[in-house]
Amino acid sequence: MDIATCWATKRISVMDNLERYEDSYAIAEEFREWILHIGEKNENLRDSFLNLPKELKELLDQKVND
C-alpha cells in the first residue's frame, strides 16, 4: 500500500506542475482512500487490495529464494 500511495502522491504533484489538472484530479479520486488514511488501520482499504493467486505467489517466492 505504501508504494501505491507514494506513487499516487508524486504523480498528482507532477500532474499539477504540468497543469494537467484533470489527470491530477482523476488520480486523486482513484487513490483518495489510500492517501487520506496513510498510516491508519482501515478495514475498508483491505477490500481494495489486489491479492496474487496462491500459485503465483508460491512461484514468485520460489524464484526469490533460488
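If we scan the range 45-54, do we find a residue that is assigned to a helix (DSSP H, G or I), of a type outside the set (Lys, Arg) and modelled with pLDDT of 70 or more?
No; the residues of the range 45-54 include none that is assigned to a helix (DSSP H, G or I), of a type outside the set (Lys, Arg) and modelled with pLDDT of 70 or more.
Are there any pairs, at least 6 apart or on different chains, whose C-beta atoms fall under 8 Å, with the first in the range 1-22 and farther than 17 Å from LEU36 by Cβ and the second of a type in the set (Gly, Ala, Ser) and modelled with pLDDT of 85 or more, and if so, which?
From residues that are farther than 17 Å from LEU36 by Cβ, the pairs are MET15/SER24; ASP16/SER24.
The values are calculated or read from the model by the stated rules, or taken from the named source; none is laboratory data. Note that the structure is a prediction, hence the values are computed from the model and not measured. Cβ atoms come from the backbone with ideal geometry, glycine included; neighbour counts cover every protein chain shown.
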